[in-house]
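S.K.: Right, I'll just put the structure down here and ask away after.
The values are calculated or read from the model by the stated rules, or taken from the named source; none is laboratory data. Only a predicted model underlies this, so the values are computations on that prediction, with no experimental measurement involved. Don't worry about glycine lacking a Cβ; one is built from the backbone with ideal geometry, like all the others, and counts go over all protein chains shown.
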Amino acid sequence: MASSSPQLETCSSESDKEAMEQIALSESPIQDIANSSTNNSIKGKPELHIKIAENFGNFFASLRENLLVVKRVVQNLWLQYIRGEKSDRIRAYQVWPGNNVFFFHGRFICGPDPRGLLLTTTSIILSSWIFAMYIGDDLPSHSSTIVTISVILTVIVFINLILVSTTDPGIIPRNDQANIEDVGTSDGTRSKRVMINGVEMKLKYCRICKIFRPPRSCHCAVCDNCVEKFDHHCPWIGQCIALRNYRFYLSFVISALVLFAYLFAFSVWRIHAKSKSGLLGMLKNCPETVALVSFSFAAIWFLAGLAIFHIYLIAVNQTAYENFRQRYADSQNPYDKGIVSNFKDVLFGPVPPSRVDFRAEVTSSWHIKATRRV
């Protein structure tokens, strides 16, 4: 009996092991399925995120390419409209031998160097912006009205600036003849003598434009044009100041003078209202006000000098070029009709139309037969 009990225990242990192995085998497929589903879900999420990211990347890349194409098309169309490029018809402004820059198919004419005009524009915009943003709202009273008036003055200044910088100053048509004999003389001399109001005036021959320049005209070396009643070439506007845009120039100078005087006065008022902190305190707390006062003060002196000088020139009916060259130092000015008549003629007299039709169609790229207008 003693020998049989160990055998029974051994059999029972072996049967228990077999039962456990069968249970383990039966559970292993379930665990494999669960593990495989878990692994697939873990692996599937990163792959899905990668695919989504790739799709978004491709979408934005294609969108960027399409936007670049649209940008190039719009730029080309804009250049064609503004500068008149790739036109089927050749117009005078496209082959004009001067140094001017034309916009809107020859409707606006500017000087060759825009840096002075850009500097002037930036100075006006920056000064008005500083006043409206930092000074106008901090004034003791009526701040909204004060800022509104400054905006109106700024708009007036810009209107005059656009007019003076884009108007034909009085360019004289060139002559396509090669010989001086063909333009009015038989002996080939380089000057003519004419009588104007009882005073003898000399007309000089321009070798570049191949014309005898009319009285009071001059060839601008910057724009490379002969200009009628030439006053000066303004580097701050980048345009010749002459017969057809002189009024706009004078209006611009006076309106800009009024604007900067206005900004200066109210900026000083603000400094006076906050003078308790002293100059060092103002430099620390309100540097923009001090900067605007300094710049406005310099602009007032410069513009006031220009305004006074040109008012004097109008009173004696001279141009800045004639005054600089002392043209009438030893002779009588044949154009001086008295102060009242001079102001009336210069400021209120009729402005002649442009002598050159820059939009006229031409047949040659080298010899432009500009339309002469009376």
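S.K.: Select from the stretch 215-242 the residues that are of a type in the set (A, V, I, L, M, F, W, C) and in a strand (DSSP E or B) and write down the one among them that is farthest from the chain's Cα centre (by Cα).
M.R.: This residue is 218.
S.K.: When both residues are 6+ apart or on different chains and their Cβ atoms are under 7 Å apart, which pairs have a first residue that lies in the stretch 316-328 and is of a type in the set (A, V, I, L, M, F, W, C), and a second that is not in a helix (DSSP H, G or I)?
M.R.: 316/333; 316/336; 320/231; 320/232
S.K.: Restricting attention to the stretch 247-255, does a residue exist that is touching a strand residue (DSSP E or B) at 6+ places or on another chain (Cβ under 8 Å), modelled with pLDDT of 95 or more and not small (Gly, Ala, Ser)?
M.R.: Of all residues in the stretch 247-255, those touching a strand residue (DSSP E or B) at 6+ places or on another chain (Cβ under 8 Å) come to 249.
Applying the additional criterion that residues be modelled with pLDDT of 95 or more yields 249.
Among the residues that remain, those that are also not small (Gly, Ala, Ser) are: 249.
Checked against the condition, which is being touching a strand residue (DSSP E or B) at 6+ places or on another chain (Cβ under 8 Å), modelled with pLDDT of 95 or more and not small (Gly, Ala, Ser), the stretch 247-255 yields at least one hit.
S.K.: So for the stretch 105-127 (the condition being more than 30 Å from residue 355 (Cβ to Cβ) and in contact with a helix residue (DSSP H, G or I) (Cβ under 7 Å, 6 or more places away or on another chain)), does at least one residue qualify?
M.R.: Yes; the residues of the stretch 105-127 include at least one that is more than 30 Å from residue 355 (Cβ to Cβ) and in contact with a helix residue (DSSP H, G or I) (Cβ under 7 Å, 6 or more places away or on another chain).
S.K.: Pull up the stretch 185-220, narrow it to residues that are under 28 Å from residue 330 (Cα atoms), aliphatic (A, V, I, L, M) and in contact with a strand residue (DSSP E or B) (Cβ under 8 Å, 6 or more places away or on another chain), then point me to the one that is modelled with the lowest pLDDT.
M.R.: Among those that are under 28 Å from residue 330 (Cα atoms), aliphatic (A, V, I, L, M) and in contact with a strand residue (DSSP E or B) (Cβ under 8 Å, 6 or more places away or on another chain), it is 195.
S.K.: Follow-up question, since we're still on this one. Could we say that residue 229 is at pLDDT below 90, of a type in the set (Lys, Arg) and surrounded by fewer than 24 Cβ atoms within 10 Å (Cβ to Cβ) here?
M.R.: Values: at pLDDT below 90: no; of a type in the set (Lys, Arg): yes; surrounded by fewer than 24 Cβ atoms within 10 Å (Cβ to Cβ): yes.
No; evaluated as a whole, the condition is false for this residue.
S.K.: Only residues in the stretch 141-154 that are at pLDDT below 90 count as the first member; pair them with residues that are part of a helix (DSSP H, G or I) and not small (Gly, Ala, Ser), Cβ under 7 angstrom, at least 6 apart or cross-chain, and list the lot.
M.R.: Once the first residue is at pLDDT below 90 and sits in the stretch 141-154, its partners that are part of a helix (DSSP H, G or I) and not small (Gly, Ala, Ser) give 143/137; 146/266.
S.K.: Which of (1) assigned to a loop (DSSP other than H, G, I, E, B); (2) modelled with pLDDT under 80 is the odd one out, the single condition residue 277 does not satisfy?
M.R.: (1)
S.K.: Now a separate question. Which of the residues that make up the stretch 115-143 are among the polar types (S, T, N, Q) and either surrounded by 15 or more Cβ atoms within 10 Å (Cβ to Cβ) or under 13 Å from residue 266 (Cα atoms) (or both)?
M.R.: Kept after step one, since they are among the polar types (S, T, N, Q), are these residues of the stretch 115-143: 120-123, 127-128, 141, 143.
Across the stretch 115-143, the qualifying residues are 120, 121, 123, 127, 128, 141, 143.
Table: residues versus (1) at pLDDT below 85; (2) outside the structural domain of residue 109 (by TED's automatic domain parsing); (3) of a type outside the set (Ser, Thr, Tyr); (4) surrounded by 15 or more Cβ atoms within 10 Å (Cβ to Cβ).
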{"residue": "296", "(1), (2), (3), (4)": "no, no, no, yes"}
{"residue": "311", "(1), (2), (3), (4)": "no, no, yes, no"}
{"residue": "317", "(1), (2), (3), (4)": "no, no, yes, yes"}
{"residue": "322", "(1), (2), (3), (4)": "no, no, yes, yes"}
{"residue": "341", "(1), (2), (3), (4)": "no, no, no, no"}
{"residue": "354", "(1), (2), (3), (4)": "no, yes, no, yes"}
{"residue": "374", "(1), (2), (3), (4)": "yes, yes, yes, no"}
